[in-house]
Amino acid sequence: MAWDEWDQLKADAAGNSASMRLNQAPGQSGGAGGPEGDLRVDQQDLAAVGNSAFKLFEHLGRSGRDAWSSSQTAAKDLTTQEFEIGSALHRVQERWEKSLQSLLDACAHVSNHLDYTKKAHAGDEYFIATTVSSISTLDAGFDEGTKR
């Protein structure tokens, strides 16, 4: 294959690449999901997610380090007795601690962010419900792209 032929194939491929464009949601008269769409979230939904994240944060904070002391003691004893598994157990415990802290941070972030969002957008539920696109409208857009 010649270089010019390769360049032409690349140009043709770039010109024929499939792309997706979302211009706008249909007006009040369109959309099978109705004028308000079928994607909804309200304060109760946000509160439930935030509450679950907070409960997980509390539970992990209390129970996530239960084995820390005994694991460290075992790792130290095994290392003292020159078993290689002692240092491996210590590394596992360090990884657990890092993973646990990441999960605790994520739970706190979700809970705090949803609390903030709830306060910042109080009274916006009508606006959110009327501006969200309908799933059926989005599906129709994807179906149109595959018929070509």
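Note on Arg65: accessible area is roughly 90 Å² with a 1.4 Å probe, heavy atoms of protein only. The calculated FRET efficiency for Ser69 paired with Asp45, based on their beta-carbon distance and R0 = 25 Å, is about 0.05.
The values are calculated or read from the model by the stated rules, or taken from the named source; none is laboratory data. Bear in mind that the values here come from a model prediction, so they are computed numbers and not experimental data. With ideal geometry, Cβ positions are generated from the backbone for all residues, glycine too; neighbour counts draw on all protein chains shown. Keep in mind that these areas ignore ligands, DNA and RNA; they rest on the heavy atoms of the full protein, side chains included. Shrake-Rupley method; radii C 1.70, N 1.55, O 1.52, S 1.80 Å.
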